[in-house]
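Structure first, commentary second.
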Amino acid sequence: MLLEQRPALEVFALSEDGAAVADDDFVVYPELGMVRLKSGVFRRGERNVYAGYRAGYEVIPGDVEQAAIQWTAALYQARGAAGGRDIKSERVGDYAVTYDGGEDEGEPAPAGARSLLEPYRIALARPVR
């Protein structure tokens, strides 16, 4: 079974069809985010297996930290006088200004930051019905 997040730091509960699976009856592959029964396979079905687990990094990897620094620097440099937004309208008497754009517009990461983050991407395949 593939977990939604990785690396899996700890699987603290596992059940199939409501019955608990003992800790020594399964193996966890942390970096893959995978749980496998030591003998047999999980029964076919939808939402019949539950895994309670903790995932993520206890220490942020250096390349992820560097990507965050590069992205933050790019956003800071692009902000300009209007916070990175164009002026939509302006009035002089009792001064008023309206900017184009909104809050967070999902600014894409710079190429350097994207390449640093690429190894952490998880491609998920979902069944087509």
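Quick one: Leu37 ticks every box in (1) within 26 Å of Arg121 (Cβ to Cβ); (2) at pLDDT 95 or above except a single one, so which number is it?
(1)
Out of Ala74, Ala67, which single residue is in a helix (DSSP H, G or I), aliphatic (A, V, I, L, M) and in contact (Cβ under 8 Å) with a residue 40 or more places away in the chain?
On the way: Ala74 fails: in contact (Cβ under 8 Å) with a residue 40 or more places away in the chain.
The unique qualifying residue is Ala67.
Can you work out which of the residues in the stretch 35-62 that are assigned to a loop (DSSP other than H, G, I, E, B) and of a type in the set (Phe, Trp, Tyr) is farthest from Leu117 (Cα to Cα)?
Of all residues in the stretch 35-62, those assigned to a loop (DSSP other than H, G, I, E, B) come to 38-48, 56-61.
Add one more test, that the residue is of a type in the set (Phe, Trp, Tyr), and what stays is 42, 57.
Details: Phe42: 33, Tyr57: 14 Å.
Among those residues, the one meeting the criterion is Phe42.
Among all residue pairs at least 6 apart or on different chains, which show Cβ distances below 9 Å where the first residue, located in the stretch 14-42, is on the phi > 0 side of the Ramachandran plot and the second is assigned to a strand (DSSP E or B) and β-branched (Val, Ile, Thr)?
Asp17/Val49
Identify all residues within the stretch 43-59 that are touching a residue at least 40 places away in the same chain (Cβ under 8 Å), touching a strand residue (DSSP E or B) at 6+ places or on another chain (Cβ under 8 Å) and surrounded by 10 or more Cβ atoms within 10 Å (Cβ to Cβ); write none if there are none.
Pass one, the stretch 43-59, residues touching a residue at least 40 places away in the same chain (Cβ under 8 Å): 49, 51-58.
Next, only the ones that are touching a strand residue (DSSP E or B) at 6+ places or on another chain (Cβ under 8 Å) stay: 49, 51-56, 58.
Within the stretch 43-59, Val49, Ala51, Gly52, Tyr53, Arg54, Ala55, Gly56 meet the criteria.
Of all residues in the stretch 1-12, which are loosely packed, with under 12 Cβ neighbours inside 10 Å and either under 8 Å from Tyr53 (Cβ atoms) or among the hydrophobic types (A, V, I, L, M, F, W, C) (or both)?
First pass over the stretch 1-12, keeping only residues loosely packed, with under 12 Cβ neighbours inside 10 Å: 4, 10, 12.
Result: Glu10, Phe12.
For the condition modelled with pLDDT under 80 and loosely packed, with under 10 Cβ neighbours inside 10 Å, what is the one hit in Ala96, Ala123, Ala82?
One residue alone meets the criteria, Ala123.
The values are calculated or read from the model by the stated rules, or taken from the named source; none is laboratory data. All of these numbers come straight from a predicted model, not from anything done at the bench. Glycine also receives a Cβ, built like all others from the backbone with ideal geometry; neighbour counts cover every protein chain displayed.
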